[in-house]
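Colleague: Take this structure, written in structure tokens, and hold onto it; I'll ask about it next.
A short reminder: the numbers here are calculations on the coordinates, not readings from a lab. Quick caveat, the model's predicted, so the values are computed rather than measured. Heads up, the Cβs are rebuilt from the backbone with ideal geometry, glycines too, and the neighbour counts pull from every protein chain shown.
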Amino acid sequence: MTFRPIHKKGHLYFVTGSIIRWRPIFKFEDYRNIVINSLNWHISNKRMKVFAFVVMSNHLHWISYPIPPYSIIGNIWSFSSYTAHEILRATRSNGDQDFIRVFSKYAERRKLHKIWKDFQAKNIHSQGFLMQKLEYIHNNPIREYILVSRAEYPFSSARYYDDGKNPVIQIEDLFEYINLL
């Protein structure tokens, strides 16, 4: 993790993870499902609440709250470790030599592969910062895809906030959470 957040009880965090060399691996359903399933596992096992997310072709963002006794650092480590191992297993199984070559070329000391470039978690310190990051997450697909609306992109929580449709990840309503504070 390149940015170490301050762990504070009750804080929300804006998390970003990007694939090494910005390889567009999540354009493919097999790999995209690995990160979606891992986020859903963290949610269903009561490790964190997720309020917003987007999975792009080569990176992802989410806003979450770690459920005690879990921390944001622990959740990111668990998520990144599991998904890296599963992505590597899937690339080998699928014979995706281009991805395998990149993952091995940029490996660090004593590792054979590197999947994630980095993860950053930033403390959300104000409602203004929270709303800025929420809009950033939901507008992210507009830069990469030609969309009629941002809610059209299926791998984002914009579907929930803009159209009331259930997204592929079980999220908590951010505005209900804010009203409880």
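Colleague: Once you keep just the Cα pairs under 8 angstrom separated by 6 or more residues, what percentage relative contact order results for segment 13-180?
Modeller: This gives 30 percent for segment 13-180.
Colleague: Expressed in nm to one decimal, what extension gain is obtained for the pair I142 and F175 from 0.36 nm per residue of sequence separation less their Cα-Cα distance?
Modeller: Using 0.36 nm per residue and subtracting the Cα-Cα distance, I get 9.6 nm.
Colleague: To continue, here is another question. Ordered by residue, what ³J(HN,Hα) values in Hz, to whole numbers, does segment 99-112 give under the Karplus form 6.51 cos²θ - 1.76 cosθ + 1.60, where θ = phi - 60° and Gly and Pro are x?
Modeller: 5, 4, 4, 5, 5, 7, 4, 9, 5, 9, 2, 6, 10, 8
Colleague: Please compute the net charge surrounding S64, taking Lys and Arg as +1 and Asp and Glu as -1 over other residues with Cβ under 13 Å from its Cβ.
Modeller: Value of the local net charge: +4.
Colleague: Roughly how many nanometres apart are two label points built 7 Å out from the Cα toward the Cβ at E152 and N94?
Modeller: A separation of 2.5 nm, rounded to one decimal place.
Colleague: Pairs K46/K111; K27/K122; K27/K114: which are spaced more than 21 Å apart, C-alpha to C-alpha?
Modeller: K46/K111; K27/K122
Colleague: Something else about it: Identify which of the listed values of mean projected area of the Cα convex hull in nm² was calculated from the structure shown: [x] 10.7; [y] 11.9; [z] 10.1.
Modeller: Correct label is [x].
Colleague: Another one. Given a Förster radius of 22 Å and the C-beta distance between R110 and H85 as r, what FRET efficiency does 1/(1 + (r/R0)^6) yield to the nearest 0.05?
Modeller: 0.85
Colleague: A further question on this structure: How tilted is helix 29-44 with respect to the longest principal axis of the chain? Cα atoms for both, answer in degrees (0 to 90, nearest 10).
Modeller: Tilt of helix 29-44: around 40 degrees.
Colleague: May I pose another question? Could you give the nm distance between label points at K117 and W22, where each point is 7 Å from its Cα heading toward the beta carbon?
Modeller: 0.6
Colleague: Related question: If one takes the longest principal axis of the Cα atoms in the chain, at what angle in degrees, from 0 to 90 and to the nearest 10, does the Cα axis of helix 72-94 lie?
Modeller: 40
Colleague: Mean residue ellipticity at 222 nm from the helices of the chain, using -39,500 (n - 2.57) per DSSP H segment of n ≥ 4 over the full residue count, to the nearest 500 deg cm²/dmol?
Modeller: -14000 deg cm²/dmol
Colleague: Also: What is the magnitude of the charge dipole of segment 13-180 about its Cα centre, with +1 placed on the Cβ of each Lys and Arg, -1 on the Cβ of each Asp and Glu, and no other charges, expressed in debye to the nearest 20?
Modeller: 840
Colleague: Expected output is a single nm value to one decimal: the length gained when fully extending between K46 and N33, i.e. 0.36 nm times separation in residues minus the C-alpha distance. What is it?
Modeller: 2.7 nm
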